[in-house]
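I have placed the structure first, in the form of structure tokens, so that the comments after it can refer back to it.
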């Protein structure tokens, strides 16, 4: 009955419903953003600037790994300074970072609002099989953000912050440049980790199949290497570290696509028998 009512809604009514979900999403981002803005010391000193420190957990683990393989290349020496060169630079950075944290923290609710807008257009069987979509998307987004924070960010900060063309040139990194690198890494890895969810929905609407994913697996791996090269420092170790989970996510996507196709075939067979 609900689906029938939804079909009878006009275009403007759909826009109005979408506007309601959008407003709720924006409000949730602003609430979490205000919380992040208030707890400035924790956000900046304990989270954002932490990967710069030699005592950061990932830097210490990489250093221990370097000792095991008898190399000092993995030990962090990020002794560069972060400076601000704009009058309103620190305030604008504070606002931008707060909004970014707001989006990351509010993502489960934002995705739920998107799902709530799409849900009425689905059949009961599709809704039943997609109940875990919000949970799965939220978990993958969080894992991606954590992977970017604990793996890619320290590698990027260590490599880019200590790279030097000459001993005469000192590294004094602009605050905005550091935040831009930090933000792009976290958001990009969080989005990339949504690959299985994307494959699920594309498989549901029939745009891709398991055979298609297997056929273009080699092409996908090349694309993964390109993505890894874009979001990591230009060294082989970092690219391999990032590529491994992306390859695993792609293989997980093939498994998910198989299940979607299998369920679809069972449903078609059931309808045919009826």
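Every read-out reported here was derived from the displayed coordinates using simple, explicitly stated rules and does not represent laboratory data. Bear in mind the structure is a predicted one, so any value in this text is a computation, not a measurement. Counting neighbours? That spans all protein chains shown, and the Cβs are built from the backbone with ideal geometry, glycine included.
Couple of notes before you dig in:
- Between residue 264 and residue 207, the distance separating the two model label sites (each 7 Å from Cα on the Cα→Cβ line) works out to 1.3 nm.
- Between residue 215 and residue 248, the C-beta separation translates, for a Förster distance of 22 Å, into a calculated FRET efficiency of about 0.70.
- Ordering of 248-254, 63-69 by packing [mean C-beta count within 10 Å, highest first]: 248-254, 63-69
- Ranked packing of 133-139, 145-151, 20-26, most packed first, by mean Cβ within 10 Å: 145-151, 133-139, 20-26
- Mean Cβ neighbour count within 10 Å, used as a protection proxy, ranking 200-209, 94-103 highest first: 94-103, 200-209
- The simple Förster model, with R0 at 25 Å and r as the Cβ-Cβ distance, assigns residue 135 and residue 24 a FRET efficiency of 0.85.
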